[in-house]
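Enquirer: Below is one structure. I have some questions about it.
The values are calculated or read from the model by the stated rules, or taken from the named source; none is laboratory data. Here the structure is a predicted model, which is why all the values come from computation and not from measurement. Using ideal geometry, Cβ is built from the backbone for each residue, glycine included, and neighbour counts are taken over all protein chains shown. With ligands, DNA and RNA removed, areas are computed over all heavy atoms of the protein, side chains included. Shrake-Rupley method; radii C 1.70, N 1.55, O 1.52, S 1.80 Å.
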Amino acid sequence: MLAELERLYQQALSELDAVTDAQALQAWRVRHLGRKAPLMQAFGRMREVPAEERPRVGRRINELRDALQQAYEAKAEALRQAELARALQEERLDVTLPGRPRPYGRLHPTTRTIREIVRIFQSMGFQVFTSREVETDEYNFQLLNIPPHHPARDMQDTFYVATPGVQADETPPVVLRTHTSPGQIHAMRRYAAQDPDNPPPIRVVLPGMVFRYEQITTRSEIQFTQVEGLAVGRHITFSDLKGTLTEWARRMFGPQVRTRFRPSYFPFTEPSVEMDVECFLCGGQGCPVCKYTGWLEVLGAGMVHPVVLRNGGYDPERYSGFAFGMGPERITMLRHGIQDIRHFWRNDARFLEQF
Amino acid sequence: MKVPVSWLKDYVDIPLTVEDLARLLTSLGLEVEAVHYVGLPRPADATRLDFKVSGLGWEPDKIVVAEVREVLPHPNADRLVLARVFDGEQEHQVVTGAPNLFAYKGQGPLTPPLKVAYAREGATLLDPYNPGQTLRLKRRKIRGIPSYSMVCSEKELGISDEHEGIIVLDPDAPTGTPLADYMGDAVLDIAITPNMARALGIIGVAREVAAALNLPLRLPDTAVVMEGPPIAGRAAVRITDPEANPRFAVGLIEDVTLGPSPYEIQRRLKLAGMRPINNIVDATNYVMLEWGEPLHAFDYDILVQRADGQPPTIITRRAQPGERLTTLDGETRDLPPYAVLVTDTAGPLSIAGVMGGAESEVRATTRRVLLEAAVWDPITIRRVSKALKLTTEAAYRYQRGVHPALVMPALQRALDLMRRWAGGVVAQGVVDVYPRPARDTVNRIHPRDLSRLLGLDLPAATIADLLRRLDFRVRPLDDGRLEVTTPPHRLDIGEGVVGLADLAEEVARLYGYDRIPATRLADELPPYIGLDRPQREAAIKDALVNLGLQEVVTYRLTAPEREARATVSGQPRPDDAYVRLVNPIAHDRRVLRQSLLPNLLEVAERNARFVRRQALFEMGPVFLPRAEGLLPDEPQRLALLLTGPREEPFWAGAAADDMDFFDLKGVLETLARVLHLPEPLRFEPGEHPSLHPGKTARVWLGAAEWGFVGELHPEVKARYDFGPAAVLVAELDACALRDALPDRYALQPVPQFPPVIEDLAFVVDEAVPAAEVEAAIRAGGGAYVRSVVLFDVYRGPSLPAGKKSLAYRLAYQAPDRTLSDKDAARIRKKIVKRVARAVGGTLRG
Ligand SMILES: [Zn+2]
């Protein structure tokens, strides 16, 4: 009997070798490990075996049965692995196909640059202050030490707003603000109102839209933004101005960037200064953007003129301050190599999407 | 202002290269924008220069002073001559067509010879026919005569655009000397800021250079030989308005012969941007450029004639109504009443400080010249110059302020130059009327005051030295202060705190801005006064960006027609209904916008050519005129626009549907949620001039109307170049939204017990708004109703006509226990009852 079982066992193994799918494996299992399989019924035939042989034969039957069971499990696992491998192969993607586009919102480039500028000043204790865009001549010019007929008015071509009852040859009293500087007066008066005899110190940045009567060209626009800054206190000096703006330039353009200060003129500051930063595109070596000078003009500044301090409610004998102003579009253009300022308000998707 | 370096060097010895001089001036606040080289060597490397560079350096070995010894006819051409030219080494034959040599043709050897600028073979010159380009002189034949060199015109050398005739140098020009050594120059183009009026004369620029380099300033001698009969009794001056005319002086020179000025003077005038006229006018211009004080020359005999043979009386006064004057440019001009005139007893002679009259100007026949030096009120000059659109060198200087003390040196200097250039005899004395002598301001400053402003501790002696270099008079006082008197050529130094700031600038400038330390702000931090608007606006923008919208920024300026295009009626409102510009730059940008919507539509229209899906927003002010007060309201608005497919096209799956009303409504609802608005938005059917009447909602933010959302009206849409997809827009009050943002918000506890989820569908009349059904569900279920999500709206054959079914997925939940089936049944019953009562809805089987 044992010999027959051994033969059946060998036969089962070789049949198992030929099995290639789950169905055949199932049939094989029924045939060789099922209830009616010869090996399973072998114990029932133990009578045929001499008694002294029985323990040995019984052990052997168990061994053969376990071996077939193991062979079965191994085969089942091999088939499962083969199936998985096939499925994985079939599910293979062309990973070079494009991904699914996700809608994505962006801030306007001007907003981004303004935020960047403002954030740096905020970290130095400046607060954001905004004010109106249609202004009186008084706030836009006179309180800033630009009386009527002052030559500095030639520096800023102005849009005038029609005001009923004003004669054609009079200077109209309402303008589109030509700079964010009227905000200086608004801010000073607002702070001074807290304690008129002892006004508190001020550190504000004033971002906003300004307007100039100009032809629209690649280099000039009828509207553009400015970020103005104002610091007023009892111990604010020209050297603070230099330090603050140099620190801003390093955070904005890189820790290595050098700055340069040149005398300039603004009616509402004295001394007045223009700050250049070393061209961050060529490292100061000279390139078309910096017109081969190695420097980029980025802002105008100065110590607040005593008349302006007084107009804001701050006694120039006791207080001093500095102010500065810069153009976010210009800075954006320099950084990204934009040649045409008209892109900003044209809002072409192909421009905006690149930020 | 254009400053020839050679001229500047008349007054100060400058030990710097042209490039370093330019840098120095810029560092002093006299920004050199460009340098035009006229003979001096151009820098080999133009990088790292802060100014534009143009012109030509003359090669010393190739371009020299030479003499024309004889002019001979050209054998083959009438329009050419042959010049015998000696260049200091040898004689050359030069072919030229210069008309100003023709007069000498065939006259035999010239004594003395003509001095000319001679370019040898191989010399590099400016190409007269290609601006900015150079050419090299090559050997060639002109009409059969060999030619390899030339006598130059000003154009080839970069002096001016004069190309017709050759340069004829002054007779004392040394033959054989490199031309660059004789008159090589460079012209600095300096941008003069309004506070630098004192630098509108070359002496003023020289004074700044001398101060910066601590070198002496050499003023020209203004002594004048006066040998003629006295002027007294031969001319009188009367000032009627000293405010407008603080000083007026005249001198007289007789027996002059008008003719060209010396070449060197003409060259300088041209380099400075002025046209040489004749020796008399050139003298006035030369002195104006030198001192910054404009002068005017009258033909004295014409004045006498106008006074019927009597000695003329010059009267300065305001214009009378209807007065006119023909100015020396030939234009006859109506004079505004505020104009100040120089007149005589016969009427106007010139527009004071702006332009002289044609009748009394000097001419070839002039023998006697009455020379005016005066000072005028800057504001008057500015107004007149603007009104007449007449900007002259004189008006430019007077507008910025000319110190009256300059009158006398300028007058004397010019009389002396006329005497030297035009011959003649200067009458003894001058007539000088000076009713308002200028007072030089005085400041007493302490070094402490300066360090308070500059953050720089300078000893009094250093401050005094710096100021003295600029000609301030400085006297130390016993209390440590300095008494600083402004020099009599400056009007820009005030007194008191203003004077202190003015002097601080002078000290800082001369000391060097770059030498002042850079420090961190150490002053006390300001109080927070609740400036949170910008922060709130930023939060709104961020939320919109996170919702996938692109921010745009458009023009504030528009036109009523542009705004009308976005409405069904298309009727523009009158300009007066807008904030309107007096001086628009373009007709279609003449008013300030009252809505963001038209701009947003224009942006979307332009982009529709390139992109199908657009999701845009703009936040910014609109401008609404007010009945009271000068200034308009500037409320902030928020506009949104969606159009095109819900998703970008993708290679798998069907194309996405186009966005509709509910996409934009969803944006608003999500916005309200992420911004934690205390109350949900309310939408109710509404109407709007731009929108589809059936697809428009008024939006309420709490009790306040917030704005509109809807689909663009088909008639409006047809006016724009849009594709078939619907255009969804909203325009909302951004101030209300900003103010509705809560300072803080509380969180709901995260539920600990599972919810019961249940789907209920209600059949209601078609007219019942979904919002009312949901409200009834919430009211019926009370606090147990955690969420109500409408997941289906059904209309169809299985329902009676005029009915619709709304299917909701509801979640019931209690904070303290798991709800049982019995609880859920009780809640459901209440909801069904409430829906039936409130909107007549029945539970769908
Ligand atoms: Zn560069």
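Enquirer: On the full set of protein chains, 1.4 Å probe, figure out the accessible area of B:ASP78 and give it in Å² to the nearest 10.
Expert: Counting only protein heavy atoms, the figure is 130 Å².
Enquirer: Let me ask another. Quick one: grab the alpha carbon gyration tensor of segment A:110-352, order the square roots of its eigenvalues as a ≥ b ≥ c, and give me rounded if a/c is under 1.5, else prolate or oblate depending on whether a/b is larger than b/c. Intermediate results must be reported in sequence, preceding the final value.
Expert: Numbers: a/c = 1.78, a/b = 1.16, b/c = 1.53.
Because a/c hits 1.5 or more and a/b fails to exceed b/c, segment A:110-352 counts as oblate.
Enquirer: A further question on this structure: For B:GLU393 paired with B:ALA783, estimate the spin-label separation in nm (one decimal), with each label point 7 Å from Cα along the Cα-to-Cβ line.
Expert: With each label point 7 Å from Cα toward Cβ, the separation is 9.2 nm.
Enquirer: Which percent, nearest 5, of DSSP beta bridges in chain B are antiparallel?
Expert: Roughly 90 percent of the DSSP beta bridges within chain B come out antiparallel.
Enquirer: How far apart, in nanometres, would the label points at A:GLU353 and B:GLU628 be if each is projected 7 angstrom from Cα along the Cα-to-Cβ direction?
Expert: 5.1
Enquirer: Return one number: the angle in degrees, 0 to 90 and rounded to the nearest 10, between the long axis of the Cα atoms of helix B:378-387 and the longest principal axis of the Cα atoms of chain B.
Expert: 70
Enquirer: Report the per residue volume, in Å³, of the convex hull enclosing the C-alpha atoms of chain B. Display every interim value, and only then the final one.
Expert: Values: hull volume 248.0 nm³, N = 845.
About 293 Å³ per residue, rounded to a whole number.
Enquirer: Given B:HIS688, B:VAL384, B:LEU200, which one lies farthest toward the positive end of the charge dipole of chain B, if we put +1 on the Cβ of every Lys and Arg and -1 on the Cβ of every Asp and Glu?
Expert: Going by the Cα projections, it comes out as B:HIS688.
Enquirer: OK, next. Can you figure out the FRET efficiency of B:ALA703 with B:ALA652, using R₀ = 56 Å and their beta-carbon distance, to the nearest 0.05? It would help to have the intermediate numbers written out before the result.
Expert: Values: r = 48 Å, r/R0 = 0.86.
E between B:ALA703 and B:ALA652, to the nearest 0.05, is 0.70.
Enquirer: Magnitude of the Cβ-charge dipole of chain B, K/R +1 and D/E -1, about the Cα centre, nearest 20 debye?
Expert: Details: 104 positive and 113 negative charges, 462 e Å.
Here chain B has a charge dipole of around 2220 debye.
Enquirer: Compute the normalised compactness of segment B:422-470: alpha-carbon radius of gyration over 2.2 N^0.38 Å, N being the residue count. Could you put the intermediate results ahead of the total?
Expert: Values: Rg = 21.0 Å, N = 49, 2.2 N^0.38 = 9.7 Å.
Cα-based Rg divided by the globular estimate yields 2.17.
Enquirer: If you don't mind, another one. What translational diffusion coefficient, to the nearest whole µm²/s, does segment B:668-750 have by Stokes-Einstein, given a Kirkwood radius computed over alpha-carbon pairs, a temperature of 10 °C and 1.306 mPa s viscosity?
Expert: Rounded to a whole number, D works out at 111 µm²/s.
Enquirer: Determine the shape class of segment B:379-496: with a ≥ b ≥ c the square roots of the Cα gyration tensor eigenvalues, call it rounded for a/c under 1.5, and otherwise prolate if a/b is greater than b/c, oblate otherwise. Working shown, then result.
Expert: On the way: a/c = 2.82, a/b = 1.78, b/c = 1.58.
Prolate.
Enquirer: Still on this model: Looking at B:VAL442, B:PHE472, B:PRO574, which one has the Cα that reaches farthest to the positive end of the dipole of segment B:439-579 (charges on Cβ: Lys, Arg +1; Asp, Glu -1)?
Expert: It is B:PHE472, whose Cα lies furthest towards the positive end.
Enquirer: Keeping every protein chain present and rolling a 1.4 Å probe, give me the accessible area per residue for segment B:58-138 in Å².
Expert: On the way: 4030 Å² over 81 residues.
Solvent-accessible surface per residue comes out at 50 Å².
Enquirer: Largest first, what is the accessible-area ranking of B:LYS138, B:LYS803, B:LYS389, A:LYS242 with a 1.4 Å probe?
Expert: On the way: B:LYS138 145, B:LYS803 60, B:LYS389 175, A:LYS242 10 Å².
If we order B:LYS138, B:LYS803, B:LYS389, A:LYS242 from most to least accessible, we get B:LYS389, B:LYS138, B:LYS803, A:LYS242.
Enquirer: Moving on. If every alpha-carbon in segment B:622-775 counts as one equal scatterer, what log10 I(q)/I(0) does Debye give at q = 0.10 1/Å?
Expert: Debye output, listed in q order: -0.53.
Enquirer: To the nearest 20 debye, what charge dipole does segment A:235-355 have about its Cα centre, counting +1 at the Cβ of each Lys and Arg and -1 at the Cβ of each Asp and Glu?
Expert: Working: 14 positive and 13 negative charges, 46 e Å.
That gives a dipole near 220 debye.
Enquirer: Picking from A:VAL227, A:VAL174, A:VAL30, which is most flexible by a Gaussian network model of chain A using Cα springs under 10 Å?
Expert: The residue that fluctuates most here is A:VAL30.
Enquirer: Report, in degrees rounded to the nearest 10, the 0 to 90 angle that the Cα long axis of helix B:279-291 makes with the longest principal axis of chain B.
Expert: The helix B:279-291 is inclined about 50 degrees to chain B.
Enquirer: Next question, about the same structure. Of B:LYS665/B:LYS830; B:LYS52/B:LYS386; B:LYS52/B:LYS270; B:LYS115/B:LYS155, which ones are farther than 28 Å apart at the Cα?
Expert: Numbers: B:LYS665/B:LYS830 30 Å; B:LYS52/B:LYS386 30 Å; B:LYS52/B:LYS270 20 Å; B:LYS115/B:LYS155 17 Å.
Going by Cα-Cα distance, B:LYS665/B:LYS830; B:LYS52/B:LYS386 fall outside the 28 Å limit.
Enquirer: A follow-up question, please. Residue separation times 0.36 nm, minus the C-alpha to C-alpha distance between B:ARG744 and B:LEU328: what's the value? Walk me through the numbers before you get to the answer.
Expert: On the way: separation 416, 0.36 × 416 = 149.76 nm, distance 7.49 nm.
Full extension of this stretch gives 142.3 nm more.
Enquirer: Quick check: with the 1.4 Å probe, what order do B:ARG481, B:ARG613 take by accessible area, largest first?
Expert: Details: B:ARG481 80, B:ARG613 45 Å².
My answer, sorted largest first, is B:ARG481, B:ARG613.
Enquirer: Continuing with the same structure: Structure shown: which of A:LYS291/B:LYS2; B:LYS2/B:LYS141; B:LYS803/B:LYS829 lie over 32 Å apart, alpha-carbon to alpha-carbon? The partial results should precede the final answer.
Expert: Details: A:LYS291/B:LYS2 21 Å; B:LYS2/B:LYS141 40 Å; B:LYS803/B:LYS829 22 Å.
Among A:LYS291/B:LYS2; B:LYS2/B:LYS141; B:LYS803/B:LYS829, the Cα-Cα distance tops 32 Å for B:LYS2/B:LYS141.
Enquirer: Under Stokes-Einstein, with the Kirkwood radius over Cα pairs standing in for Rh, what whole-number D in µm²/s applies to segment B:442-510 at 25 °C and 0.890 mPa s?
Expert: Numbers: Rh = 11.7 Å.
Value of D from the Cα-based Kirkwood radius: 210 µm²/s.
Enquirer: Can I ask one more? Would you mind counting up the charge near A:GLU270? Only other residues with Cβ under 9 Å from its Cβ, with Lys and Arg at +1 and Asp and Glu at -1. Walk me through the numbers before you get to the answer.
Expert: Values: positive: none; negative: B:ASP502, B:GLU505.
In short, -2.
Enquirer: Please work out the Cα center distance from segment B:791-845 to segment A:1-77, rounded to the nearest Å.
Expert: Between the Cα centre of segment B:791-845 and that of segment A:1-77, the gap is 64 Å.
Enquirer: Separate question: In what order, largest first, do B:LYS386, B:LYS270 sit by accessible area if the probe radius is 1.4 Å? Could you put the intermediate results ahead of the total?
Expert: On the way: B:LYS386 125, B:LYS270 50 Å².
Per-residue accessible area, sorted high to low, gives B:LYS386, B:LYS270.
Enquirer: Answer with one residue from B:LEU101, B:TYR37, B:LEU417: the one whose Cα lies farthest towards the positive end of the charge dipole of the protein assembly as shown, charges on Cβ with Lys, Arg +1 and Asp, Glu -1.
Expert: Projecting each Cα onto the dipole axis, the largest value belongs to B:TYR37.
Enquirer: Keeping all protein chains in position, work out how much accessible area B:HIS676 exposes to a 1.4 Å probe, and write it in Å² to the nearest 10.
Expert: Rounded to the nearest 10, the figure is 70 Å².
Enquirer: What's the percent breakdown of Cα-Cα distances in the protein assembly as shown across 10 Å bins, shortest bin first?
Expert: Each 10 Å bin holds this share of Cα pairs: 2, 7, 12, 14, 14, 13, 10, 8, 6, 4, 3, 3, 2, 1, 1, 0, 0, 0.
Enquirer: Checking an interface number: how much accessible area is buried between A and B, summed over both chains, with a 1.4 Å probe, in Å² rounded to 100?
Expert: Roughly 8600 Å² of accessible surface disappears when A and B pair.
Enquirer: Moving to a separate point now. Roughly how much of B:GLU393 is accessible, in Å² to the nearest 10, using a 1.4 Å probe?
Expert: Here the accessible area works out near 70 Å².
Enquirer: In debye to the nearest 20, how big a dipole does segment B:533-740 give about its Cα centre with +1 on each Lys and Arg Cβ and -1 on each Asp and Glu Cβ? Kindly include the intermediate steps, with their values, before the conclusion.
Expert: Numbers: 26 positive and 31 negative charges, 77 e Å.
Approximately 380 debye in magnitude.
Enquirer: Calculate the length of the line joining the C-alpha centroid of segment A:185-212 to that of segment B:403-436, in whole Å.
Expert: 52
Enquirer: To the nearest Å, what is the center-to-center distance of segment B:499-534 and segment B:547-599, using C-alpha atoms only?
Expert: Taking the Cα centre of segment B:547-599 as reference, the centre of segment B:499-534 is 41 Å away.
Enquirer: Just round it to a whole percent: the fraction of Cα-Cα distances in segment B:226-433 exceeding 27 Å. List each step's numbers first, then the result.
Expert: Numbers: 4893 of 21528 pairs.
Result: 23 percent of Cα pairs exceed 27 Å.
Enquirer: Can you list the residues, at least 5 places off or on another chain, whose amide H is less than 5 Å from the amide H of A:GLN127, using H built in the peptide plane?
Expert: Result for A:GLN127 returns A:ARG203, A:VAL204, A:VAL205.
Enquirer: Residues in segment B:273-310 near a label at B:THR345, defined as backbone nitrogen under 12 Å from the 7 Å Cα→Cβ point?
Expert: B:304-310
Enquirer: Ranked from highest to lowest mean number of other Cβ atoms within 10 Å per residue, what is the order of the peptides B:114-124, A:342-352, B:100-110?
Expert: Details: B:114-124: 21.6, A:342-352: 18.2, B:100-110: 13.3.
Top of the packing list down: B:114-124, A:342-352, B:100-110.
Enquirer: Now for a separate question. For chain B, take the longest principal axis of its alpha carbons; what is the angle in degrees between that and the long axis of helix B:460-469, to the nearest 10 within 0 to 90?
Expert: Between helix and principal axis, roughly 60 degrees.
Enquirer: Moving on to the next point. I need the fraction of alpha carbon pairs in segment B:553-617 separated by more than 17 Å, rounded to a whole percent.
Expert: Considering segment B:553-617, 44 percent of its Cα-Cα pairs are separated by more than 17 Å.
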